[in-house]
Amino acid sequence: MDVGILLYDGYSLLDPTGPAEVLSRLPGANVTMVAERRGPVRTDTGDVAVVAERSIAELDRLDVLLVPGGGNRGTVGAMENQALLSWIRRIDRHSRWTTSVCTGALVLAAAGLLDGRRATTYWASADYLQSHFDVTYLPQRYVRSGKIITAAGVSAGLDMALYLASLIAGDTTAKAIQLAIEYDPQPPFNAGNATDADPQLKELALRLLA
């Protein structure tokens, strides 16, 4: 099971690394970070870099493709990068699963892979996804449409990855992975759902993200 996680300048750190933590525990899985060029690729904050061990020119087949989201600069840059979009389409033609986290759904949409599908994305990008593409947005943690699975914002990538693990290796293995990484979220605040948040909190959240 060859899993490729795309990195591009300006992605959000947990988008690729959370699912990598889950999927790398699958028996027989090989998880590789991929970018336009080998080497470190910086996150949206610019403070952290993850190393891409392979370039897109080196890979033309993957069982699983994951496209992360990022800040505005990173997401827009990826959506306008024709080399990346062409590679994503090429990989999707033969993949068993094509997935995204957060605004990675916008990148998949820009590649034409979400046309006529249901999908989710980061809450602040939902209107853009629906108004600019032929996509039906669902406010869920993850949404499956055929072989494409999209996840909502950042932390939802963990939920999506565990769901994908269950599809690949069965529920028992997925549950064991969840226990292995002790994924038992109990946040100190009930503030993670945008539908319950007041406008002031949403505004501050977006300022902090920017």
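Projecting label points 7 angstrom from Cα along Cα→Cβ for ILE181 and SER55 puts them 3.0 nm apart. Surface composition of the chain: carbon plus sulfur atoms contribute 49% of the solvent-accessible area (1.4 Å probe, protein chains only, all chains present).
Here's how it looks for GLY70: its modeled amide H is under 5 Å from those of SER12, THR75, THR103, GLY104, which are all 5 or more places away or on a different chain. Rounded, prolate or oblate, given the Cα gyration tensor of the stretch 70-141, with a/c below 1.5 counting as rounded? Verdict is oblate for the stretch 70-141.
Once you sort the root eigenvalues of the Cα gyration tensor of the stretch 1-116 as a ≥ b ≥ c, which label holds: rounded (a/c under 1.5), prolate (a/b larger than b/c) or oblate (the other case)?
Numbers: a/c = 1.41, a/b = 1.06, b/c = 1.33.
Rounded, since a/c falls under 1.5.
Shown here for the stretch 1-94: trypsin sites (Lys or Arg not before Pro) in loop regions (DSSP other than H, G, I, E, B) with at most 12 other Cβ atoms within 10 Å, namely ARG37, ARG61, ARG93.
For the stretch 146-210, state which chymotrypsin sites (Phe, Trp or Tyr not before Pro) are in a DSSP loop and have at most 11 other beta carbons lying within 10 Å of their beta carbon. Intermediate values should be presented prior to the final figure.
On the way: sites: TYR163, TYR183, PHE189; in loops: TYR183, PHE189.
When the chymotrypsin sites (Phe, Trp or Tyr not before Pro) of the stretch 146-210 are filtered for loop state and at most 11 Cβ neighbours within 10 Å, PHE189 remain.
Ordering ALA29, THR103, GLY71 by Cα displacement along the dipole of the chain toward the positive end leaves ALA29 in first place; charges were set at the Cβ atoms of Lys, Arg (+1) and Asp, Glu (-1). Using the Cα gyration tensor of the stretch 90-210, with a ≥ b ≥ c the square roots of its eigenvalues, what is the shape: rounded (a/c below 1.5), prolate (a/b larger than b/c) or oblate (neither)? The shape class here is oblate. With coordinates expressed along the principal axes, the C-alpha atoms belonging to the stretch 1-59 extend over 33, 25, 11 Å, beginning with the largest.
What accessible area per residue, rounded to a whole number of Å², is obtained for the chain using a probe radius of 1.4 Å? Intermediate values should be presented prior to the final figure.
Details: 10480 Å² over 210 residues.
Result: 50 Å² of accessible area for each residue.
Using only side-chain charges placed at the Cβ, +1 for Lys and Arg and -1 for Asp and Glu, the dipole size of the chain relative to its Cα centre rounds to 460 debye. Among the GluC sites (Glu not before Pro) found in the stretch 29-90, those both in a DSSP coil and sparsely packed, with 14 or fewer other Cβ atoms within 10 Å of their Cβ, are GLU53, GLU80.
The values are calculated or read from the model by the stated rules, or taken from the named source; none is laboratory data. Remember, predicted model here, so these are calculated numbers, not experimental data. All Cβ positions, even for glycine, are placed from backbone atoms using ideal geometry, and neighbour counts span all protein chains on display. Surface areas here come from the heavy atoms of the whole protein model, side chains and all, with no ligands, DNA or RNA. Shrake-Rupley method; radii C 1.70, N 1.55, O 1.52, S 1.80 Å.
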